[in-house]
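The values are calculated or read from the model by the stated rules, or taken from the named source; none is laboratory data. As the structure is a computational prediction, the values presented were derived from the model and not from experiment. Cβ: placed from backbone, ideal geometry, glycine included. Neighbour counts: every protein chain shown. These accessible areas exclude ligands, DNA and RNA; they are computed on the full protein's heavy atoms, side chains included. Shrake-Rupley method; radii C 1.70, N 1.55, O 1.52, S 1.80 Å.
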Number of protein chains: 2
Amino acid sequence: MTAIDIPEDSLFGLANLPYGVFSEPGTAPRVGVRVGESVVDLAAAFGDEVFAQPTLNPFMAQGYDRWVQVRRQVTELVSGEVPDAAVHPVAEVTMHLPIDVADYVDFYASEHHASNLGRLFRPNAPPLQPNWKHLPVGYHGRSGTVVVSGTDIVRPSGQRRAPGEDVPTFGPCRRLDIEAELGFIVGTGSERGTRVPVADFATRVFGAVLVNDWSARDIQAWEYVPLGPFLGKSFATSISPWVVPLLALGPARVPTPVQDPQPLPYLRECEPWGLDVDLAVFWNGQQVARPPYREMYWSPAQLLAHLTANGATCRTGDLYASGTISGPAKHERGAFIELTWGGEEPVRIGDEYRTFLLDGDEVTITATAPGPNGTRIGFGEVTGRIRPAGVDLE
Amino acid sequence: MTAIDIPEDSLFGLANLPYGVFSEPGTAPRVGVRVGESVVDLAAAFGDEVFAQPTLNPFMAQGYDRWVQVRRQVTELVSGEVPDAAVHPVAEVTMHLPIDVADYVDFYASEHHASNLGRLFRPNAPPLQPNWKHLPVGYHGRSGTVVVSGTDIVRPSGQRRAPGEDVPTFGPCRRLDIEAELGFIVGTGSERGTRVPVADFATRVFGAVLVNDWSARDIQAWEYVPLGPFLGKSFATSISPWVVPLLALGPARVPTPVQDPQPLPYLRECEPWGLDVDLAVFWNGQQVARPPYREMYWSPAQLLAHLTANGATCRTGDLYASGTISGPAKHERGAFIELTWGGEEPVRIGDEYRTFLLDGDEVTITATAPGPNGTRIGFGEVTGRIRPAGVDLE
């Protein structure tokens, strides 16, 4: 039996207890919980088949009451002594994609980000479209290309038309970017023809992850009219391996910025609440941005209520992300196109100046949020390195 | 043993042999093939577990050579005598969604449709966007709301802003429409970071179905800038239950319309080929349109090559649809917004005039294609009836 050591300042103490899917060499992926620098194997600890699965989906589908119960059981378990066979150093395990992604939706919920992109893409028009303050704008992404942190990102190729060119050419993306986001994972689905009220968010959403929605800006700019982003985004979306339970994010609740005009009734919360999650973006190890999730205009509950407002079902494993998180200050921008103002204001990384991503570059996004009593909890990280475009993709 | 009767003019003769998933009362859904007015239970006939599954995915994942082999075995089987226990009248079985839908992508591949919508939505601009003839424009839809033919469609609610109104209101859709399309089902997936050449279409795509991509035009018009259609489409997409194998569509191959400018190399086929599939749209039983698939500008192989041009994977069960099929003539338009020119030219249905769908309306889309020696093969139908918006959705 092992008593798990949890340093007092650990971001993975008893107030966090995020779930993930891990394996050691030669073993099958299964569900674990991170505690300090250890992973606790829930299948081994509890002998429950639902944790011997390669994704969190079967456990999530058991519903809110069960999530509460298991969280209590895990807390009891790791507060005492844990069977040796159920404890692994986090440095010795491989983390896998924690969920079987059903549908993936990406929103556009930061007013600062939407305004910045409006100014960059449509300099002669109002930065926000007329609908922006009435509904959370969103679109479907490609669920089959959601990958776990650490997966290399092959530079996408595609059609892009440079300014001044008459016709597009095909080749490797020249403006490869990131989008630092928070993603929410639906635990239990809804029925077709009904909608999820804002009040049901807290019992239907299982947890949150960090998201890097890699974006090929040149491909996107050429293709996106009139049906929205497609190949400029669909090559890869990275998520962090540890799903922070919504049950751990109570102390992080903060009001959203004031919403004016008042949203329509189906989007109205008594008090719309966001999360005080502080992200940090590292470009080849150097911190370049601190996007503040608390600045997001639309709340996570509003995003889910909107997503299902037309009676569309949500399902266990649905992932919906916030869209790029940007605050009002320059160093709070969560995409390089904003941070470098369309490539016109390079960022100094070590001895070099950068605008968009070069082959070999690595981007890591981390985040923490308030825990109880002045402590903090961690989201871990989502990281990825750019590999050159494949020869067959040129 | 039963010798299956196949009338000489059957649309489901030996040249077709579409696959579906069926059940009788009290039995589990499993894979069958339609022959004449019978369904042949492949699990019972062949004793192979891959056909005892509730979706075609495991069989499709076995790959092209296996599809060829099974088609030959089925042909031999139904040409002789079939065990009684493996034959069911089609009228006595329930058809299920034939595939586990991985990602769903909808294209916009008809020049006539894109031009008509351009004229309606952007009357003061060129009907086609600058990118349209360079790439097949597409976007991701919601795979979780793909339903099988016969499923009722609850009228979606959502935000819509009528002309002359300053602010949007929330309520049941007032301009509920259809889109008559052909959908292609990916049988075997690709690797991340590679692309599917146009030449691989024929061995990677398993078959085709009819698609009705129900569309809430008022919701769509308000929400779709700048990230594309979302809630205006995501409430439901209906598909026909019988998947016509690509192996059955050889005689239906026809050249696409001339593509000018010449597409970029990754989209270039020796001879781009479409399919001579004739659709028919019935509104409450009355035929209102005959959309010709042969008029589509972009070929199905080009759609798949484009979808994966950035290195995005495709997976077993991916569904990608053509977008609305419209020909040059008015009676060839596959969406009511085109057929009624934005609601200004009502269509006579029996004694009534209609623009968009009313509660209780039923829409059925059927199609046939050339088979060998002057015969024809059928796609069956995709049908759906509109139910009133739920009270909680108003």
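How big is the shadow of the Cα convex hull of chain B, averaged over all directions, in nm²?
Here the figure is 20.4 nm², rounded to one decimal.
Determine ³J(HN,Hα), in whole Hz, for all residues of region A:32-40 in sequence, where each value follows from phi through the Karplus function 6.51 cos²θ - 1.76 cosθ + 1.60 and θ = phi - 60°; x replaces Gly and Pro.
x, 10, 8, 9, x, 9, 10, 10, 9
Quick one: in chain A, whose Cβ comes closest to the A/B rotation axis, and how close in angstrom?
Taking the axis that maps A onto B, the answer comes out as A:G228, 1.
On a full-extension model of 0.36 nm per residue, what is the gain between A:A280 and A:A125, subtracting their alpha-carbon distance, rounded to one decimal in nm?
52.7 nm
If you average the C-alpha positions of region B:71-115 and of region A:347-386 separately, how far apart do those two centres end up, in angstrom?
Here the answer is 48 Å between Cα centres.
To the nearest hundred square angstrom, how large is the accessible surface buried between A and B, total for both chains, probe 1.4 angstrom?
What A and B bury together is about 5800 Å².
Could you point to the residue in B:P272, B:H306, B:G285 farthest towards the positive end of region B:267-348's charge dipole, with +1 and -1 charges on the Cβ of Lys/Arg and Asp/Glu respectively?
B:G285
Using the Cα centre of the protein assembly as shown as the reference point, and only Cβ charges (+1 on K/R, -1 on D/E), how large is the resulting charge dipole? Debye, rounded to the nearest 20. Working shown, then result.
Values: 62 positive and 94 negative charges, 298 e Å.
So the dipole magnitude of the protein assembly as shown works out to roughly 1440 debye.
Solvent-accessible area of A:R376, probe 1.4 Å, all protein chains present, reported in Å² to the nearest ten, please.
Using a 1.4 Å probe on the heavy atoms, I get roughly 90 Å².
Hey, how many Å between the Cα centroid of region B:25-62 and the Cα centroid of region A:169-192?
Comparing the Cα centres of region B:25-62 and region A:169-192, I get a distance of 36 Å.
Would you work out which of A:V148, A:F206, A:P126 lies farthest towards the positive end of the dipole of chain A? Charges go on Cβ: Lys and Arg +1, Asp and Glu -1.
A:P126
Regarding region B:59-159, what are the three Cα extents along the principal axes, ordered largest first, in Å?
64, 36, 23
By DSSP, what percent of the beta bridges with both residues in chain A are antiparallel, rounded to the nearest 5? The partial results should precede the final answer.
Numbers: 64 of 72 bridges.
The antiparallel proportion sits near 90 percent.
Calculate one ³J(HN,Hα) per residue across region B:110-127 by plugging θ = phi - 60° into the Karplus curve 6.51 cos²θ - 1.76 cosθ + 1.60, and present them in order as whole Hz with x for glycine and proline.
Those phi angles translate into 9, 5, 5, 5, 4, 5, 4, 5, x, 5, 6, 8, 9, x, 9, 10, x, x Hz.
Enumerate the amide H contacts of A:G207 below 5 Å, restricted to partners 5 or more residues apart or on another chain; note that Pro and chain-start residues carry no placed amide H.
So A:G207 has HN proximity to A:I185, A:L246.
Averaged over B:150-158, how many beta carbons belonging to a partner chain fall within 10 Å of each residue's beta carbon?
Per-residue shielding by partner chains comes out at 4.
Give the long-range amide H neighbours of A:W214: residues separated by 5 or more places, or on another chain, with amide H under 5 Å away, using H modelled in the peptide plane at 1.01 Å from N.
HN-HN under 5 Å from A:W214: A:E179, A:S238.
log₁₀ I(q)/I(0) of region B:339-394 at q = 0.14, 0.17, 0.21, 0.22 Å⁻¹, via Debye over equal Cα point scatterers, no solvent, to two decimals?
So the normalised log intensities are -0.63, -0.79, -0.92, -0.95.
Taking the DSSP beta bridges in the protein assembly as shown as the whole, what percent of them are antiparallel, to the nearest 5?
The answer is about 90 percent antiparallel.
Residue farthest toward the positive end of the dipole of the protein assembly as shown, with Cβ of Lys/Arg at +1 and Asp/Glu at -1: which of A:A329, A:F170, A:F230?
It is A:A329, whose Cα lies furthest towards the positive end.
Do the sum for the protein assembly as shown: with -39,500 (n - 2.57) for every DSSP H run of n ≥ 4, divided by all residues, what is the mean residue ellipticity at 222 nm, to the nearest 500 deg cm²/dmol?
That comes out to -4000 deg cm²/dmol.
Starting at the first residue of region A:146-152, write each ³J(HN,Hα) from the Karplus equation 6.51 cos²θ - 1.76 cosθ + 1.60 with θ = phi - 60°, in whole Hz, x for Gly and Pro.
These are the phi-based 3J(HN,Hα) values: 6, 10, 7, 2, x, 6, 5 Hz.
For A:L275, list long-range residues whose amide hydrogen, built 1.01 Å from N in the peptide plane, is under 5 Å from its own amide hydrogen.
Amide H neighbours of A:L275: A:V254.
Please work out the C-alpha center-to-center distance from region A:253-297 to region B:204-275 and express it in whole Å.
Answer, in whole Å: 37.
Past the 31 Å Cα-Cα mark, which pairs from A:K233/B:K330; A:K133/B:K330; A:K330/B:K133; B:K233/B:K330; A:K233/B:K133?
Details: A:K233/B:K330 36 Å; A:K133/B:K330 39 Å; A:K330/B:K133 39 Å; B:K233/B:K330 24 Å; A:K233/B:K133 21 Å.
Exceeds cut-off: A:K233/B:K330; A:K133/B:K330; A:K330/B:K133.
Charges at C-beta only: +1 for Lys and Arg, -1 for Asp and Glu. How large is the resulting dipole of chain A about its Cα centre, in Debye rounded to 20?
1060
What angle do you read, to the nearest 10 degrees and between 0 and 90, between the alpha-carbon axis of helix B:64-79 and the longest principal axis of chain B?
60
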